Amino acid sequence: MLRKTTKNLIFAGVAAVMMSQSAFAAEVTLKLGHLANEQNSWHKAALKFGEEVSALTDGRIEVQVFPNETLGKEIDLINGMQLGSVDMTITGESLQNWAPMAALLAVPYAYPTLEDMDAVASGEIGSKIEDQIVEKAQIRPIAYFARGPRNLTSNREIKSPDDLNGLKMRVPNVPLFLDVWKALGAQPTPMAFSEVFTSLQAGTIDAQENPLALIDSASFDEVQKFVNKTEHVRSWIYLTISEITWNNLSDEDKAAVTEAAKRAQAYERDLFAADEERLTKELQEKGMTFVEVDKKAFAAKAKDAVLANVSDEIRPFVEELFTK
């Protein structure tokens, strides 16, 4: 009798544990894939978003984060979101493949300061960009993260466009970037990122341009002396959710996801500011000298090339940005 009672108690205990686990099991699981690594502020902000969503929904919604393209490459993830097989990603100007206004996320010299960029991203133009992304791409931006501005590295100081004369530099294979640097007086050459270090080392090129994070991680300090603070492209990137997923959420859960995204955006901004400060210090400690440049002179000389290379749809917005 005692054995039977003990057995019943064990079964009851197991059942209670199973019921408890069931009670706390997530009702909705959101899969969020992105291209950044675990050290990147975007990944940390994605994890923060997941924590906030769980807290705001009492664990009913769980966010699973997949860094390093483990869930797929950026365009594949967007396609998956449109089909409903992926819930979320972090993406930016790639969305111009569907929504032309997304090109405004990364226009050279359109946003002289972080504050200028924030004013656009969170203002009327930003709302128009987001609305078109929802309509054309069928994914919904719910927060945005800052991207480190692109700076020019070289082995001679570059303070004005005149200093670029004859400078052989690598740029990504983007027609807008090529034409802007040609207009500024440099000799830009498209090249795969993987080839840049050895090309700088061999003297095939004299310079390259990238955000501080890539300048540091690629060890360009070993082959370049100066970081010229051109800050020629300042941009942002969106935390997005599939419209299919969004429409399956209740109004209460949509509100929770929106609030969690707002908190993740604020969290990422703090990380971003700290990272930029840390990277500047680390590169200086590695021997690189930071050079202040005449940004207004660069922007004025780049303007015509920028306007000639943007689509008719966004040209009026770019003209407006250049007049501010």
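What FRET efficiency, computed as 1/(1 + (r/R0)^6) with R0 = 25 Å and r the Cβ-Cβ distance, is obtained for residue 290 and residue 69, rounded to the nearest 0.05?
0.20
Local charge for residue 282 was computed over the other residues whose Cβ lies under 14 Å away, with Lys and Arg +1 and Asp and Glu -1, and equals -4. Under 14 Å of direct C-alpha separation, and excluding same-chain neighbours fewer than eight residues apart, residue 159 reaches these aspartates and glutamates: 231, 292, 294. When the Gaussian network model of the chain links Cα atoms closer than 10 Å, the mean-square fluctuations of 291, 53, 86 top out at 291.
Here the accessible area is traced with a 1.4 Å probe on the protein chains. For the stretch 50-138, carbon and sulfur cover 46 percent of it.
Excluding ligands, DNA and RNA, the accessible surface per residue across the chain is 49 Å² with a 1.4 Å probe.
Evaluated over the stretch 196-312, the count of Lys pairs having alpha-carbon atoms less than 21 Å apart is 11 (only pairs 8 or more residues apart or interchain).
Taking a Cβ cut-off of under 9 Å around residue 307, the surrounding Lys, Arg, Asp and Glu residues balance to a net charge of 0, with basic ones at +1 and acidic ones at -1.
In the chain, helices alone account for a calculated mean residue ellipticity at 222 nm of -15000 deg cm²/dmol, with every DSSP H run of four or more residues adding -39,500 (n - 2.57).
The values are calculated or read from the model by the stated rules, or taken from the named source; none is laboratory data. The model shown is predicted, which means the values in this text are computed figures rather than measured ones. In this analysis, Cβ positions are derived from the backbone assuming ideal geometry, glycine residues included, and neighbour counts consider all displayed protein chains. Remember, those area values only see protein heavy atoms, side chains included, never the ligands or the DNA or RNA. Shrake-Rupley method; radii C 1.70, N 1.55, O 1.52, S 1.80 Å.
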